[in-house]
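Here is the structure we will look at, set down as C-alpha cells.
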Amino acid sequence: MDIQQIRYFLVLAKELHFWNTAGKVNITQSALSRQIKALEEELGIMLFERNKRNVKLTPAGTFLYEKWAQVLNELDFFNEHARQIQLGEVGTLIISHPDSLSASFLPDVLSRISSSYPGLKIELLQVRYEEQEEFLRNYKVDLAITRDLTIAEDIASEKMYSDHLAIVVPENHPFRSVEDITPEALKLQKFILPGKGEGSSYIGLIQQLFRYFEVSPDASFYSEFGSAIIALVRNGLGIAVLPDSYAFHESPGIRFIPTHFQSGLYLNWRKDDHHPVLSNILNVILSHYKSGRDLGEQ
C-alpha cells in the first residue's frame, strides 16, 4: 500500500465511476482497477461493491474514505509547511533592538518583513550592551540591532543608517537650542546617563560629545533604557543625551535638542548561520536600509 494508491481510492470513492476517475488521475481504467484490487487484497478488505452498472462504497470503504481523506489533507499541509520552512517563508525570528527604535525604525522594518513573509513570527527583545554578542553566539537571538559597531570575527555587521545625539531636557528648561548649550551651562547640570558600557562605541560617542563641550558630566542616575531616562528627565531629575529617534515616541514634557554627533545603527548576525529564514529577512532589511542614510531620510 502506498500513498498513490490511497489517492486513487479517494478519487474513486468520490466519483464512484472508474472511467471518470481514470481520466481525473491520468491513468487507464484497467490500471486503476488493478491498483484498487491490489489495495483491497493487501488490506483484506472489500472497499467497493461493483456490478456492470454501479460502483458504491462498502461500509468499510466509507470508514476508510473519511479517515484517509483527513489524514492526507494533514499530510499535504505538513508537506507544504516543510517546503515553506526550507524556503524560509515560515518560522520564528528573534530580534534584539535598542529602546530608541521602538517607535521609529522598528515598526517600519517589521511592516516590510510582514508584507514579504506573512507566515513568519517575530519575537522582540531588548538586551544589555554586555550581552549582545553572547545572545547572538548562543542562538538566544537571530538578529541584533545595535548602536555599537561589532568587530567580532564570528559576527557579521552592516550599518543601516545614522541618527543624531540630542540633549534631552524638561520642557521648562532654559536650553532651547544648541546655541544655549555651552561648557559653562553644562557644568551646572545634573545628568542621567546610560551605563558605563566598557568598550561600547555608542558610549564612546557620548563621551566624545562631552569632550567637545569641554565638560565632565555630573551624573546622578544611570540607565541603559532610554524610556526610563526620559521619565527621569520629565520629572526634573536631570538632563540626558539620547538618540533623537526617541522623539518619535512623542513623549510629552520634554524637549530634544539635536547635535551634530551621529549615532550609527548596525544590523548584526552570526556569520555561520545559513538558515533560510535569516537569509530572507536579511535581504528584506538590507536591500532597503543598507545605505548609511540619516533616519530623517527614511
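What the table below lists for this structure:
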{"quantity": "Count of the stretch 202-252 residues which are part of a helix (DSSP H, G or I), small (Gly, Ala, Ser) and either surrounded by fewer than 18 Cβ atoms within 10 Å (Cβ to Cβ) or free of Cβ contacts under 8 Å to residues at least 60 places away in the same chain (or both)", "calculated": "4"}
{"quantity": "Answer residue from the stretch 253-286, given it is part of a helix (DSSP H, G or I) and touching a helix residue (DSSP H, G or I) at 6+ places or on another chain (Cβ under 7 Å) and is surrounded by the most Cβ atoms within 10 Å (Cβ to Cβ) among those", "calculated": "Ile281"}
{"quantity": "Hits in the stretch 60-119 (condition: at pLDDT 85 or above and aromatic (Phe, Trp, Tyr))", "calculated": "Phe63, Tyr65, Trp68, Tyr117"}
{"quantity": "Within the stretch 102-139, considering residues that are farther than 17 Å from Ser157 by Cβ and aromatic (Phe, Trp, Tyr), the one surrounded by the most Cβ atoms within 10 Å (Cβ to Cβ)", "calculated": "Tyr117"}
{"quantity": "Count of residues meeting criterion [surrounded by 14 or more Cβ atoms within 10 Å (Cβ to Cβ) and within 23 Å of Gly253 (Cα to Cα)] in the stretch 146-179", "calculated": "10"}
{"quantity": "Complete set of residues in the stretch 168-198 that are in a loop (DSSP other than H, G, I, E, B), in contact (Cβ under 8 Å) with a residue 12 or more places away in the chain and farther than 18 Å from Ala247 by Cβ", "calculated": "Thr182, Lys187, Gln189, Gly195, Lys196, Gly197"}
{"quantity": "Search result, residues across the stretch 117-152 that are basic (Lys, Arg) and more than 28 Å from Ile206 (Cα to Cα)", "calculated": "Lys121, Lys140"}
{"quantity": "Among (1) modelled with pLDDT of 90 or more; (2) on the phi < 0 side of the Ramachandran plot, the one test that Phe18 misses", "calculated": "(1)"}
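The values are calculated or read from the model by the stated rules, or taken from the named source; none is laboratory data. Computed from a predicted model, the values in this text were never measured in an experiment. FYI the Cβ positions are ideal-geometry reconstructions off the backbone, even for glycines, and counts take in every protein chain you see.
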